[in-house]
2 protein chains.
Amino acid sequence: MRFHSPAIQYFHAVRRTGSIRAAARVLNVASSAVSRQILKLEQEVGSPLFERNARGLTLTTVGEMLARHVMNVLQDLDRFRSDVASLSGAWHGTVSIACIESLTESVLPDLIAAHRGRARRVSFSAEVKGSSDVLEALSRGEADIGIAMALRHPPDLRQVALKRFRLGAVVAREHPLARRKTVTLAQCLAFPVIHALPELSIYHLLQPLIAQLPATPEPAIQANSIDLMRELAARGVGVAFQTQLGISRLSRDGQLVFLPLDNAGSPVWSDLGIYIRAERTLPAYTESFLQELVRELGERERQENAAYPQIA
Amino acid sequence: MRFHSPAIQYFHAVRRTGSIRAAARVLNVASSAVSRQILKLEQEVGSPLFERNARGLTLTTVGEMLARHVMNVLQDLDRFRSDVASLSGAWHGTVSIACIESLTESVLPDLIAAHRGRARRVSFSAEVKGSSDVLEALSRGEADIGIAMALRHPPDLRQVALKRFRLGAVVAREHPLARRKTVTLAQCLAFPVIHALPELSIYHLLQPLIAQLPATPEPAIQANSIDLMRELAARGVGVAFQTQLGISRLSRDGQLVFLPLDNAGSPVWSDLGIYIRAERTLPAYTESFLQELVRELGERERQENAAYPQIA
DNA sequence: CATGTTGATGCCGTTTCGGCAACGGCTATA
DNA sequence: TATAGCCGTTGCCGAAACGGCATCAACATG
């Protein structure tokens, strides 16, 4: 099932590894073979594909164009393979997911477990990254499905779905705020607060709102891990901010309380986008999981909006 | 610029020509070479790609899957080529169009002429077919852009735009009906009528309406050419039916009069769809023409709706 | 039954590919 | 400043893939 010229595969490996010798190691061939294929490609395209730096190779503009084409070819080859396989009843392959941390607590593990229960032969590969890294991994063909904050996405990605979740304060059961139904940011800032570092997108959601308030005297903790922030909140260290997605288990246990933020009478939304490469048709098993993911996130969005109706 | 294994090209040629020897002639190679590449492909896929009939080859199910992949690869290769070319300022390539007859009188020639004026190096290839043949040619990768009646399209095609045009009666200036603003079908059937044969989609638009009327005593002419029907109407032979798209020049000259059909108080619509293969990214020059086409058809739709407002 | 066309196969020269070893260029480190 | 390590490239050579030619059996057509 290797009916594409080695040049394509070699080019792809070189692009990923950033060096001919490294690509040769991955491909289990001599580096000279790789070098020659790249040179041949460049001759046929009529333009250099890489810039040779002392430390390795970097794509030129034409190289990036070819990379796009090669990615399309190899991903579509993958789909073809899975199509043929599913014809003989065998559903196997790997769904590769890049997502932000909010999903790791319950959404993703639940979904993967459920899907594995139905389709045992489908493997998963999940990588947790920042929102922009998720999009980049998708663009570079390192993941099939991306879940990230819905910022502006590059044109080579397609937003399959957009779900909005309420951003809220997360406090321990014993916290003074825990009795309220909703809170304002000002009310939270009266207590010790666990802030997100700029690498988390929550930071960029809250920062403009915080900037409008008078300076906060309360000592604050800063962290770059949703997980850590949640656990800190559970120990009563302070007030953390995130969507309800990340605390569903602990809030079910009653240890944590989720209080939707009230920003001058309106909710603070955190938009979650599901992305795939635009120029691509997904293998059947990936498409299947994608649809479950969209459905599940839609379901959570619906549940949450039912639980916390308009502030008014 | 031939960095894909010969097997792919050979397979593609065999699929198009339906025979190994014919493909070999097209490719300027020995038929044995083609045969061997096909056999090798089948061995690597692990399943026959063609059924060997005495008269040539037909795709199997797996073969059709591979055909889809190969089409994606080759069309994307085309796009890559044009991307590289446009980098050095050279815009050239061929836009291949499959469309129904209604467009040939003014829309398509106007557009192509205008586009050629701006981009001299872009060639065009236009083929006039029936609506379903247009979609099929598109599916088979024999055309880049398809314009057809908007029936249900196969899932491998994407409807880029949908424009509605009023179906109307077309009569010569001297025809008794020519003074009216609109006509009903019953009024038309009082005169000799030029009917479309079932191979034209107008037939399928009008037939259900005609069936509701009492039998028509008037002798009728049947034809399968929009062009012919129009010319017959211009000679006063009878009443023809089509959209205004096909008669814009003659109606500008005042020789023909277009009378929107009034079907129990509501217009009769003819929906025109613009299609491309779904799994595809168009070359820049094709994309550019496509956008002009969509814009132009939208413009005509707008003009027409302004000229003939609701019947009411 | 004769004829023409189809795809497949054996043989063989040509082309392409890959592995090995070596070279020059560069960086980092001692 | 010398050295070690990594980089991409190139010459050489055996192995594999490819293509052309002639031929075969199978089938359709007349």
Checklist entry - Does region B:78-137 come out rounded, prolate or oblate, given a ≥ b ≥ c as the square roots of the eigenvalues of its C-alpha gyration tensor, rounded meaning a/c under 1.5 and, failing that, prolate meaning a/b above b/c? => result oblate
Item to check | Hydrodynamic radius by Kirkwood, which averages 1/r over all alpha carbon pairs of region A:222-312, in angstrom | outcome: 15.7
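Tally Lys and Arg at +1 and Asp and Glu at -1 over the other residues with C-beta under 14 Å from the C-beta of A:ALA7: what net charge comes out?
+3
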Item to check | All-pairs Cα distance distribution in region B:1-42, expressed in whole percent, bin size 5 Å | outcome: 5, 30, 37, 22, 7, 0
Checklist entry - How crowded by other chains is A:3-15, given as the mean number of beta carbons from other chains within 10 Å of each beta carbon? => result 3
Checklist outcome for this item: Scalar couplings 3J(HN,Hα) for region B:253-266 by Karplus 6.51 cos²θ - 1.76 cosθ + 1.60 (θ = phi - 60°), nearest whole Hz, x for Gly and Pro, are 6, x, 6, 10, 10, 9, 10, x, 6, 10, 9, 6, x, 10
Next on the checklist: Given axes a ≥ b ≥ c from the Cα gyration tensor, I'd like to know whether region A:97-183 is rounded (a/c under 1.5), prolate (a/b larger than b/c) or oblate.
Outcome noted: oblate
Item to check | Set of lysines with alpha-carbon distance to B:LYS181 below 26 Å, sequence-local pairs under 8 removed | outcome: B:LYS163
Checklist entry - Can you tell which of B:MET229, A:ALA90, A:GLY56 lies farthest toward the positive end of the dipole of the protein assembly as shown, using +1 and -1 charges on the Cβ of basic and acidic side chains (Lys, Arg; Asp, Glu)? => result A:GLY56
Item to check | Cα gyration tensor of the protein assembly as shown - equivalent ellipsoid semi-axes, whole Å, descending | outcome: 53, 38, 23
Checklist entry - What relative contact order, as a whole-number percentage, does region B:91-196 give when Cα pairs under 8 Å and 6 or more residues apart are counted? => result 27
Checklist entry - Under 5 Å between amide H atoms, partner at least 5 residues away or on a different chain: which partners does B:ILE194 have, H built in plane at 1.01 Å? => result B:ILE221, B:VAL239, B:ALA240
Next on the checklist: Quick test of the membrane-span-like rule: which DSSP H helices of chain B reach at least 15 Å along their long axis (C-alpha atoms) with mean Kyte hydropathy at least -0.5?
Outcome noted: B:6-17, B:31-45, B:61-87, B:107-118, B:201-211
Item to check | Under 16 Å from B:LYS40, Cα to Cα: aspartates and glutamates that are on another chain or at least 8 residues apart | outcome: B:GLU51
Next on the checklist: For B:ALA150, what residues show an amide H to amide H distance below 5 Å, using hydrogens built from the backbone and excluding near sequence neighbours?
Outcome noted: B:ASP271, B:LEU272, B:GLY273
Item to check | region B:194-252, relative contact order [Cα under 8 Å, separation at least 6], % | outcome: 42
Next on the checklist: What does the structure give for B:65-73 when I average, per residue, the other chain Cβ atoms found within 10 Å of the residue Cβ?
Outcome noted: 6
Checklist outcome for this item: For A:SER123, other-chain or 5+-apart residues with amide H closer than 5 Å (H placed, Pro excluded) are A:GLY93, A:THR94, A:VAL95
Next on the checklist: Counting just the Cα atoms, what span does region B:1-152 cover along each of its three principal axes? Round to the nearest Å and put the largest first.
Outcome noted: 49, 40, 26
Checklist entry - Per residue and in cubic angstrom, what volume does the convex hull of the Cα atoms of chain B have? => result 161
Checklist entry - How far apart are the A:ASP253 label points across copies, placing each 7 Å from Cα toward Cβ, in nm, shortest first? => result 8.6
Checklist outcome for this item: In deg cm²/dmol, rounded to the nearest 500, the helical mean residue ellipticity at 222 nm of the protein assembly as shown, built from -39500 (n - 2.57) for every DSSP H run of length 4 or more, is -14000 deg cm²/dmol
Item to check | Hypothetical label at A:ARG21: residues of region A:44-62 whose amide nitrogen lies under 20 Å (7 Å Cα-Cβ projection) | outcome: A:50-59
Item to check | Exercise: per-residue mean of other protein chain Cβ atoms within 10 Å, B:77-88 | outcome: 4
Checklist entry - Under the definition of Cα pairs under 8 Å and six or more residues apart, what whole-number percent is the relative contact order of chain A? => result 21
Next on the checklist: Based on the alpha carbons, how large is the Rg to Rh ratio for region A:164-255 when Rh follows Kirkwood?
Outcome noted: 0.92
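No value in this document is a laboratory result; all are computed from the given coordinates. Predicted model only: the values in this text are computed from it and were never measured. Every residue, glycine among them, receives a Cβ derived from its backbone with ideal geometry; neighbour counts consider all protein chains shown.
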